[in-house]
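Chemist: Below is one structure. I have some questions about it.
The values are calculated or read from the model by the stated rules, or taken from the named source; none is laboratory data. Since the model is a prediction, treat every value here as computed from it, not as a measurement. Cβ: placed from backbone, ideal geometry, glycine included. Neighbour counts: every protein chain shown.
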Amino acid sequence: MKLTYVGALLVVATLSGCASILNDKTQAVNVSSSTGDAIKGTVNGQPFTAPGVVNLTRENKNKVFVTETEGCAKETVAEKSVDSKFFINILSGGSFGSTTDYSTDKMWRYSDSVVISCKK
């Protein structure tokens, strides 16, 4: 009976991705302007106001912040990168876990903060 539980645990550990377990579908990113002033815009069609926290859906593409506020950059890109948890998973879980991380898009991350360039 204990052998069955151990076997089941090994199967679950092998088939699950580390980033898929540890990362949420979204990532909280602190957004601000270079002047500290309030700004408005959209990211992926969703409105945002800054300074503030914006929840970005993790996916295999960069996020483009489109700013409506006068005197600020019209577009600011938050580039995607691979979360370090993904590489740990390759070493420990092999291809099964890394494939899970890739297919769920939870292997991607963005910078913890985005500063939109504005002029006074």
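Chemist: So how many residues does the range 83-107 have that are at pLDDT 60 or above, out of contact with any strand residue (DSSP E or B) (no Cβ under 7 Å at 6 or more places or on another chain) and not in a helix (DSSP H, G or I)?
Modeler: 1
Chemist: Another question about this same structure. Mind listing whichever residues of the range 18-54 are in contact with a Lys or Arg (Cβ under 7 Å, 6 or more places away or on another chain), in a loop (DSSP other than H, G, I, E, B) and at pLDDT below 95?
Modeler: Across the range 18-54, the qualifying residues are Asn23, Lys25, Asn44.
Chemist: Quick one: is Val64 touching a Phe, Trp or Tyr at 6+ places or on another chain (Cβ under 8 Å), within 18 Å of Asp112 (Cα to Cα) and modelled with pLDDT of 95 or more?
Modeler: For Val64, the condition - touching a Phe, Trp or Tyr at 6+ places or on another chain (Cβ under 8 Å), within 18 Å of Asp112 (Cα to Cα) and modelled with pLDDT of 95 or more - is not met.
Chemist: Out of (1) over 14 Å from Lys25 (Cβ atoms); (2) among the charged types (D, E, K, R); (3) surrounded by fewer than 19 Cβ atoms within 10 Å (Cβ to Cβ); (4) at pLDDT below 95, what's the single condition that is false for Glu75?
Modeler: (4)
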